[in-house]
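The values are calculated or read from the model by the stated rules, or taken from the named source; none is laboratory data. This structure is a prediction, so every number in the text was calculated from the model and none was measured. Here Cβ is always computed from backbone atoms with ideal geometry, including for glycine, and neighbour counts include all displayed protein chains. Note: accessible area is taken over every heavy atom of the protein model, side chains too, but ligands, DNA and RNA are not part of it. Shrake-Rupley method; radii C 1.70, N 1.55, O 1.52, S 1.80 Å.
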Amino acid sequence: MQEPLPAWAVTRAGPDCLPKEPFDIAEVFRRLRRECAGLPPAALFALRDASFHSPFALLVAALLSARTRDETLLRVVPPLLARAPTPRALLDLPEEALNQLLAPVTFAEAKARYLRQLCTVLLQQYGGRVPDDPAALRALPGVGPKTANLVLGVAFGRPAIAVDVHVHRVTHRWGYTNAATPEQTEQQLREKLPEEYWVEINERLVPFGKFVCTGQRPHCSRCPLLTLCRQVGVGAHR
Ligand code: SF4
């Protein structure tokens, strides 16, 4: 599907810039898939592919992922879930054992508290199961829109868009969204992104945003999307 350039998406111009093609989201995803095949996968998707794909496993991993490096998360989550594969088992862990298992992640003590509160609610209100309802998920302790949508999309296979800093920044640079907050970006994407890409966009843009379209100095000159992307807000040609 080809879309005309929206009025607010400034096209870069100048002798050093390549001419831009119409923004074709299917072509964007084709190129993203090829690029991401050579990049480390996002931690949540790596865990999913390593059999940690239950709603509880992904909920725990997503909650622990805030401000924690992927490498650390991938070291912490498997042994934690081996000891505590269910909310009951996690609550049965002695506090010291849980703190030790979580020690490498940032804000370990606060996250341990959230995990205990989360497991208590899951047991008391949902019989130890993770709810598959968006509002119920978002009401759980420590669960925001991004985490809820990741669990809905990846664990339950529901159409949901998890907008983190990478999805927010990269879609803005493409000229595909122009929202001020991740929540508004999610709303704009819900209105224009074909549903077949709703879960995949997070899987692709997390590694792409970490290694190619980086926060401070995006690598535009070697980016496979250069001829499609409007490079909104990107300063000097890179
Ligand atoms: S790296 Fe540059 S060309 Fe590639 S998506 Fe980001 S802003 Fe666009």
- In region 164-185, the residues that are part of a loop (DSSP other than H, G, I, E, B), within 16 Å of the ligand (Cβ to nearest atom) and open to solvent by 10 Å² or more (accessible area, probe 1.4 Å): 164, 178
- Matching entry among 43, 89, 103 (being of a type outside the set (Asp, Glu), open to solvent by less than 40 Å² (accessible area, probe 1.4 Å) and more than 21 Å from the chain's Cα centre (by Cα)): 89
- Can you tell me how many residues in region 106-136 are closer than 16 Å to residue 64 by Cβ, open to solvent by 70 Å² or more (accessible area, probe 1.4 Å) and at pLDDT 95 or above? 1
- Only one of 143, 121 is touching a helix residue (DSSP H, G or I) at 6+ places or on another chain (Cβ under 7 Å), of a type in the set (A, V, I, L, M) and on the phi < 0 side of the Ramachandran plot, namely 143
- Item | Residues that are small (Gly, Ala, Ser) and closer than 22 Å to residue 126 by Cα, drawn from region 83-100 | 84, 89
- Task: Report yes if residue 160 is open to solvent by less than 30 Å² (accessible area, probe 1.4 Å), in a loop (DSSP other than H, G, I, E, B) and free of Cβ contacts under 8 Å to residues at least 40 places away in the same chain, otherwise no.
- Result: yes
- Query: Filter region 190-212 for residues that are open to solvent by less than 30 Å² (accessible area, probe 1.4 Å) and under 17 Å from residue 27 (Cα atoms); which is nearest to the ligand (Cβ to nearest atom)?
  - Reply: 208
